[in-house]
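Since the structure comes first, as structure tokens, the remarks are kept for the end.
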Amino acid sequence: MLVLAVGLPLAAVGAGMTAYGSTMRTAHAQTAQRHEVTARVTSAVADDGGAARQPAEVRWTEQNGTVHTGTTPVRAGTPKGETLRIWVDRAGTITGPPVTATTAWSNGFFTGGMAALGMVVGVYAVRAGVGLVLDRRRFAQWDAEWDLVEPRWSARFRR
């Protein structure tokens with residue numbers, strides 16, 4: 001119980017804070033490397049009723065005047081010429097939005113919870129294993145003692 005009382009909060013908080021810190025570093029790096037631009041759809045997107053998002057060709061102009069094209073998923077049925085906001089990296093490659101602080105918080109919370117759960121399962125598994133070993137030892141001792149006592153004990157009923 002002492003291991004659970006002390007180790008559980010330490011493991012949960014330690015793992016959660018580590019995951020949160022790591023995800024926040026990723027978020028800061030992605031925020032520095034990515035930016036959002038307004039792009040114009042250059043190809044019509046059919047609405048076949050199947051997928052909610054279809055790939056479409058888009059074109060955008062960077063702040064320095066460089067024109068880029070690429071393919072990104074858009075809503076099915078999006079007409080040619082519609083504008084949308086997309087995320088691009090420094091090289092002009094379409095990418096997803098950077099990780100948010102909310103994602104970092106949820107990663108930390110989930111990782112901390114899983115560490116706590118793992119700690120509980122681990123402690124109870126060790127307890128069960130130790131109990132099994134001690135029970136086997138106790139039964140072996142009982143068998144050894146019974147082998148010594150039983151001949152004398154049962155002899156009194158043979159008269």
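Name the residue that is nearest to Gly96 (Cα to Cα), counting only residues in segment 23-61 that are basic (Lys, Arg) and part of a strand (DSSP E or B). Spell out how you get there, then give the answer.
Keep residues of segment 23-61 that are basic (Lys, Arg), which gives 25, 34, 40, 53, 59.
Filter once more, keeping what is part of a strand (DSSP E or B): 34, 40, 53, 59.
Numbers: Arg34: 9, Arg40: 17, Arg53: 15, Arg59: 16 Å.
Ranking the qualifying residues of segment 23-61, first place goes to Arg34.
Please find, within segment 87-138, the residue that is modelled with the lowest pLDDT out of those that are among the hydrophobic types (A, V, I, L, M, F, W, C) and closer than 18 Å to Thr31 by Cα. Outline the logic, then answer.
Let us first name the residues in segment 87-138 that are among the hydrophobic types (A, V, I, L, M, F, W, C), namely 87-88, 91, 94, 99, 101, 104-105, 109-110, 114-117, 119-121, 123, 125-126, 128, 130, 132-134.
If we keep only those that are closer than 18 Å to Thr31 by Cα too, we end up with 87-88, 91, 94, 99, 101, 104-105.
On the way: Trp87: 95, Val88: 95, Ala91: 87, Ile94: 94, Val99: 95, Ala101: 95, Ala104: 96, Trp105: 97.
Only one residue fits best here, namely Ala91.
Of a type in the set (Gly, Ala, Ser), open to solvent by less than 80 Å² (accessible area, probe 1.4 Å) and in contact with a strand residue (DSSP E or B) (Cβ under 8 Å, 6 or more places away or on another chain): is that true of Gly14 in this structure? Before you say what the answer is, go through the steps one by one.
Details: of a type in the set (Gly, Ala, Ser): yes; open to solvent by less than 80 Å² (accessible area, probe 1.4 Å): yes; in contact with a strand residue (DSSP E or B) (Cβ under 8 Å, 6 or more places away or on another chain): no.
Spelling it out, it is not the case that Gly14 is of a type in the set (Gly, Ala, Ser), open to solvent by less than 80 Å² (accessible area, probe 1.4 Å) and in contact with a strand residue (DSSP E or B) (Cβ under 8 Å, 6 or more places away or on another chain).
Within the set of pairs 6 or more residues apart or between chains, which connect a residue that is farther than 26 Å from Pro55 by Cβ inside segment 23-42 to a residue that is surrounded by 12 or more Cβ atoms within 10 Å (Cβ to Cβ) and among the β-branched types (Val, Ile, Thr) with Cβ atoms less than 7 Å apart?
Thr23/Val99; Thr23/Thr103; Thr26/Val99; Ala27/Val99; Ala27/Thr100
Being under 30 Å from Tyr20 (Cα atoms), assigned to a helix (DSSP H, G or I) and either aromatic (Phe, Trp, Tyr) or under 17 Å from the mean Cα position of the chain (by Cα) (or both) narrows it down to one of Ala116, Ala125, so name that one.
Details: Ala125 fails: either aromatic (Phe, Trp, Tyr) or under 17 Å from the mean Cα position of the chain (by Cα) (or both).
Going through Ala116, Ala125 in turn, the sole match is Ala116.
Looking at segment 63-80 only, could you name the residues that are open to solvent by 30 Å² or more (accessible area, probe 1.4 Å) and more than 31 Å from the chain's Cα centre (by Cα)? Show your work before the answer.
At the first step, the residues of segment 63-80 found to be open to solvent by 30 Å² or more (accessible area, probe 1.4 Å) are 63-69, 71, 73, 75, 77, 79-80.
Across segment 63-80, the qualifying residues are Gln63, Asn64, Gly65, Thr66, Val67, His68, Thr69, Gly77, Pro79, Lys80.
Name every residue in segment 17-45 that is over 29 Å from Gln63 (Cα atoms) and open to solvent by 50 Å² or more (accessible area, probe 1.4 Å), in order of residue number.
Selection gives Met17, Thr18, Tyr20, Ser22.
The values are calculated or read from the model by the stated rules, or taken from the named source; none is laboratory data. These numbers were taken from a predicted model, which means no experiment stands behind them. FYI the Cβ positions are ideal-geometry reconstructions off the backbone, even for glycines, and counts take in every protein chain you see. For the accessible areas, the whole protein counts, side chains as well, though only heavy atoms, and no ligand, DNA or RNA atoms are used. Shrake-Rupley method; radii C 1.70, N 1.55, O 1.52, S 1.80 Å.
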